[in-house]
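Trainee: Below is the structure I would like to discuss, written out as structure tokens.
The values are calculated or read from the model by the stated rules, or taken from the named source; none is laboratory data. All values derive from a computational prediction rather than experimental measurement. Methodologically, a virtual Cβ is constructed for each residue, glycine included, from the backbone with ideal geometry; neighbour enumeration extends over all protein chains shown. Quick note on the areas: whole protein, heavy atoms, side chains included, nothing else; ligands and nucleic acids left out. Shrake-Rupley method; radii C 1.70, N 1.55, O 1.52, S 1.80 Å.
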Amino acid sequence: MNATPAEHGPLSAAFAASAASPQPADRQALYDQIEAEFEAIKQRYRAKLGPADVAYIKGLRFKSRLAEFFGRSFIWISPEPITFGVGVALLALHRNLEAIEIGHNVLHGQYDSFSEIPQFHSRNFKWKAPVDEEAWRREHNGQHHVHTNVFEMDPDLNHGILRMNDRTPWNPYHRWQVPMYLFLAYPIVLYGFNLQNLGLRQVWREEKFPKGNEGYAPVHPGGDLADCKRRHRLSTWRILFKEYALFPLLALASGFSFWKVMLGNALADVINNYWVSFTIQATHLTEPLQPEDALAHKGRWYLSQMDSTVNFKGSRRMSILWGHLNYQIEHHLFPDIPSRHYPDMAKEVKQVCAKYGIPYKCNENWFQAIRNYMGAMWKYSFPTPAERAQMDEEEARHA
């Protein structure tokens, strides 16, 4: 299906029907049923957690390290473009596994209940990405996953200069958001996450945008501006130093090319950043805005998550490379369940959706999801007819 961007949309077919009911008790009963259905799925899979999950995350880290070892080795010693290209691909694979299937999911607390792997507990985990872990947990887990697609409450709805709905005031920066994100933001997106999570983007918007942060959710990073800038420098420079100073200098010291290693690392970095960008962006930012009171009932919140997300089809092996975010619906319903279970959980979620008439939105493939997302970004690059008319009136007054 094609996920159509909208200014507002019903929470779901089930919610739309219940909202039309004059009896609050009917709506309450529906929310109770929805909550019970999804809570039952979560508890069934929580009861299944065990050694297989520990083996999965440890095995994934081992494979990631192998990819890094061989990737860096091939880049260093490559006598021709083919070996160099294989090295870049393997290093990009390592960076990707660490960024989303390992890092993103671990920081959601998916492995916190396993005492035997404290290194994969969300509070202990050190992300092999240029992102401050505490700021990510506060913004991503504590705000985005709670207030998904709620206007001026979800910081991921509109971030940076991005405008993805008609309620956010248009300004001339938005005219350039498609090329700016495609060619400037996405190649280094992981390095930009801190600017969002630590509130540095909102400081910039307050100074540069005509209406400041109107239409953008405030971020609460847990520190003053100086502290946030310091944390941003620490988390980004630890990666920049490793990739663009340490390893190139080690190559030079061992008789290999400084510049070849730097180029290989940069190519792997850019590939990983584009992959992460398109995977994350294409699976919920084309969806309708949600009401502020979606948190009033857990069942209603579940419905809002269904309405805010969209999946895309892919094999189980490819799902690992996408961090299982092609199952964005299941991820938003059950963010603290290990992602390897999402393909099976999706079958049960679909059954609940069919039972209650809830739309289960799924694009046919990743490219369709990207196309829909880019279409929404392009649409909101331009002012609404009302905004255009207002601007014309202002120009006429000042003529």
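Trainee: So which residue, out of Gln328, Gln305, Gln177, gets the largest mean-square fluctuation from a GNM of the chain using Cα contacts under 10 Å as springs?
Mentor: Among Gln328, Gln305, Gln177, the largest GNM mean-square fluctuation belongs to Gln177.
Trainee: With the other protein chains left in place, how much accessible area per residue, in square angstrom, belongs to the chain at a 1.4 angstrom probe? Spell out each step's value before the answer.
Mentor: Numbers: 17500 Å² over 399 residues.
About 44 Å² of surface per residue is accessible.
Trainee: Let me ask something else. Which one of Met164, Gly109, Pro210 is farthest out on the positive end of the charge dipole of the chain, using unit charges on Cβ (Lys, Arg +1; Asp, Glu -1) and the Cα centre as origin?
Mentor: Gly109
Trainee: Sticking with this structure for a sec: From zero up to wherever the largest Cα-Cα distance of the chain sits, split into 10 Å bins and tell me the percent of pairs in each.
Mentor: Going from the shortest bin to the longest, the percentages are 5, 21, 30, 26, 13, 4, 1, 0.
Trainee: Give me the percent of accessible area attributable to carbon and sulfur for the chain, probe 1.4 angstrom.
Mentor: 63 percent
Trainee: Kindly count the pairs of lysines across region 272-369 whose alpha carbons are less than 19 Å apart, treating pairs on different chains or eight or more residues apart as eligible.
Mentor: 8
Trainee: Please list Met164, Met374 from largest to smallest accessible area, probe radius 1.4 Å, with all protein chains kept in place.
Mentor: Reading off the accessible areas and sorting them downward yields Met374, Met164.
Trainee: Send over the per residue convex hull volume for region 106-217, Cα only, as a whole number of Å³.
Mentor: 96 Å³
Trainee: Sticking with this one: For region 325-399 and region 112-180, what is the separation of their Cα centres, given in Å?
Mentor: If you average the Cα positions of each part, the centres end up 15 Å apart.
Trainee: At 18 Å minimum axial length over the Cα atoms and a Kyte-Doolittle cut of 0.5, report the qualifying DSSP H helices in the chain, or say none.
Mentor: Correct list, ordered by number: 81-96, 258-281.
Trainee: Could you order Ser315, Ser235 so the one with the most accessible surface comes first? Probe is 1.4 Å.
Mentor: Accessible-area ranking of Ser315, Ser235, largest first: Ser315, Ser235.
Trainee: Sum up the charges of everything whose Cβ sits under 15 Å from the Cβ of Leu234, counting Lys and Arg as +1 and Asp and Glu as -1, but leave Leu234 out.
Mentor: Values: positive: Lys126, Lys128, Lys229, Arg230, Arg231, Arg233, Arg238, Lys242; negative: Asp132, Glu133, Glu134, Asp227.
Computed value for this residue: +4.
Trainee: Another question, if that's okay. Given a Förster distance of 45 Å, report the FRET efficiency between Arg397 and Glu292 from their Cβ-Cβ distance, rounded to the nearest 0.05.
Mentor: 0.80
Trainee: Report the relative contact order of region 267-399, percent, no decimals, based on alpha-carbon pairs under 8 angstrom and at least 6 residues apart.
Mentor: RCO, region 267-399: 27 percent.
Trainee: Dipole size in debye (nearest 20) for the chain around its Cα centre, Lys and Arg Cβ +1, Asp and Glu Cβ -1?
Mentor: 1360 debye
Trainee: What residues have an amide H closer than 5 Å to that of Val219, excluding those fewer than 5 places away on the same chain, when H is modeled at 1.01 Å from N in the peptide plane?
Mentor: none
Trainee: Could you work out the relative contact order of the chain, using alpha carbon pairs under 8 angstrom and six or more residues apart, expressed as a whole percent?
Mentor: Result for the chain is 27 percent.
Trainee: Normalising by the residue count of region 109-235, find the relative contact order in percent from Cα pairs under 8 Å and 6+ residues apart.
Mentor: 29 percent
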